[in-house]
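Contents: one structure, followed by commentary.
We did not get these values from a lab; they are worked out from the coordinates using the rules stated. Being a predicted model, the structure only gives us computed values, none of them experimental. Virtual Cβ from ideal backbone geometry, glycine too; neighbours counted across all protein chains shown.
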Amino acid sequence: MSYTLTTPLYYANDRAHLGSTYTTLACDAIARHRRLRGERVTFITGCDEHGQKIQRTAEAAGFSPQAHCDAVSEGYRALWSRWQISHDRFIRTSDPRHRLLVEQFFARVEASGDVLEGRQQGWYCVACEEFKDDPHESEDPECPIHRRPLEWRDELNLFFRLSRYQQAIEELIRRPGFITPASRRREVENFVAQGLRDFSISRVDLPWGIPVPGHAGHTFYVWFDALLGYLTALLEPDEPVLLDTILQRGWPAQLHVIGKDILRFHAVYWPAMLLSAGLPLPERVFGHGFLTREGQKMGKSLGNVLDPELLLERCGRDAVRWYLLRDIPFGDDGDFQQQRFTDLVNSDLANTIGNLLNRTSSMARKWFAAAVPPAGAGGDDRHPLAQAANQAAEAVNGGLEGLDFRAAAEAILQLANTANGYLNDQAPWKAMKQPAQEAAVAADLYAVLEASRWLAVLLAPLLPELSARMLAQLGQEPFNSSGHGEQQPSDWVVALRWGVLASGAPLPDPEPVMQRLELDAPL
Ligand code: MSP
């Protein structure tokens, strides 16, 4: 089975910010989970490099658009590598191979009779690269998202006959699960109900774009070309560019993850373009919310942008991934709060999960010759912790399949809390004072160590590094969910069986698996 998922292709006008990092981390967790479950995954990310916004940014910086995009996209690549993002493809829409694919796609759309000439008049936001339907009646309308003046446009453009797909799109968006979460689906339904209007797919006098074949002076509207990047990305790097090949390379995608501001492009324009070209439609579009910081929109003018490089350097990957995925319901807007961030990381990861493993393995080492104690009743899959572990695994799998990261993280925490509670109730440190209790203590410690191993296994898609450190403390191999390397994907599924820890196997010297976060200054 093959699973194709995508992040948006990020504009190469500026460096990555926390919003793009958030989407990419979430997709990474999904990709890792699918791989661990044995699916063949194609995880696509990349840069959207054409259009007026990028041309202007490059010119203002004194670079050619190409040189500017080379530098910015290299920055994205380097950042994702530092975050250990496990993408399989990184597409740049200025790649000459992409141009070939766009030309073939356009030829199909034109052959379907869906390209018309028309006059485009309206208010345009260069930052959104979008015409705004209904700016206020003021003389100097602003973009509601960017708070920057809109620009008046009056051009003869090529239009895509979106109006022809009204019924098909209405049916599509009614399909359960196509647009999630439900609140986002309603937004799109309202938009479609107003009646779909043809939209312009070319610009005149915009040199930084792909020329439209047969229409001198026109370049493709950046969104028309950008969405097609998802298709080009699927081709093998050295195979001929033939549109239909994508059908053997993982198209249709199972999932597009995007922010709520670009939902219309993905849930309406994109499917209509694909229908016109006779290509199958993606299965699911998930529109997540926006991140704010301490209650305020992040922006350069406010000087409160959270730099993903700095966050990584000062806090580490596990901490940030945990906070963003565990605390913010995926789909809702979320607020980055530094105090809450440190509190959650310290209490969940350092205390509840990290200390559980640390103190249990210390006791086991001290009383049972630095090895996993004899399992006894602790190895029985009817043990209460075994049952709790199975429930947690079910909830983690269900949560991640449903893109409910919070539910997955909470299930993991619940198992850790249950195991901590069990250890406190059994109080092996008291029981150990009575020699007759040694077997019972061994069984209890075994069960808690085994529960800790399950915690590490279940954390693998969300926090691969913490998972690996925990497994190392238990004398186990880490999971490889990166999509490269030797490990059999089924190893993960096999690991979710009670009793895998071998009694008598040596336990390494305990070391804290999660450093506490101590941030004395604002990030
Ligand atoms: N280039 C287009 C996408 C083309 S896809 C074929 C684009 N790029 S972007 O770089 O501006 O935005 C990328 C993503 O970042 C969008 O999904 C957007 O929703 C998301 N975010 C931008 N600011 C954000 C926050 N403050 N919080 C969360 N996500 C945010 O749009």
Taking Cα atoms, the helix 317-327 axis meets the longest principal axis of the chain at an angle in degrees (rounded to 10) of 80 degrees
Counting only Cβ distances under 4.7 Å between cysteines, those in the chain with no partner are C27, C47, C69, C315
If the label point sits 7 Å along Cα→Cβ of D381, residues of the range 493-512 with amide N under 20 Å come out as 493-503
Relative contact order as a percentage, the chain, C-alpha pairs under 8 Å and 6+ apart, gives 17 percent
Measuring from the longest principal axis of the C-alpha atoms of the chain, the long axis of helix 96-111 (C-alpha) lies at a number of degrees, nearest 10, equal to 60 degrees
For the range 344-495 the mean separation of alpha carbon contacts under 8 Å (6+ apart) over residue count, i.e. relative contact order in percent, is 25 percent
One checks the Cα atoms of the chain and finds Rg and Dmax, in Å, of 26.2, 91
Applied in sequence order to the range 54-65, the curve 6.51 cos²θ - 1.76 cosθ + 1.60 (Karplus, θ = phi - 60°) yields integer Hz couplings, x standing for Gly and Pro, of 5, 4, 5, 4, 5, 4, 4, 8, x, 10, 6, x
In nanometres, the difference between 0.36 nm per residue of separation and the alpha-carbon distance of A505 and D14 is 171.6 nm
Output ordering of 62-74, 436-448, 228-240 (per-residue mean of other Cβ within 10 Å, highest first) is 436-448, 228-240, 62-74
A student applying the Cα gyration tensor rule (rounded when a/c is under 1.5; otherwise prolate if a/b is larger than b/c, oblate if not) would label the range 2-288 rounded
Rounded to the nearest whole number, the per residue volume of the convex hull around the C-alpha atoms of the range 186-333 in Å³ is 206 Å³
Rounded to one decimal in nm, the spacing of the 7 Å Cα→Cβ label points at N190 and D70 is 4.6 nm
Rounded to the nearest 10 degrees, the helix 438-459 long axis (Cα) sits at an angle to the longest Cα principal axis of the chain of 10 degrees
Relative contact order as a percentage, the range 98-160, C-alpha pairs under 8 Å and 6+ apart, gives 39 percent
At the level of C-alpha centres, the distance separating the range 394-423 and the range 250-299, in angstrom, is 28 Å
Everything considered on the Cα gyration tensor (a ≥ b ≥ c; rounded for a/c under 1.5, else prolate if a/b is larger than b/c, else oblate), the range 272-384 must be described as oblate
If R0 = 35 Å, then R516 and S183, at their Cβ-Cβ distance, give a FRET efficiency to the nearest 0.05 of 0.45
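FRET efficiency for W152 and R174, Cβ-Cβ distance as r, R0 = 30 Å, nearest 0.05?
Here the calculated transfer efficiency is 0.25.
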Expressed in angstrom and ordered largest first, the alpha-carbon extents of the range 344-495 along the principal axes are 48, 30, 30
Trypsin sites (Lys or Arg not before Pro) in the range 268-325 lying in a DSSP loop, each with at most 14 other Cβ atoms within 10 Å of its Cβ, come to K300
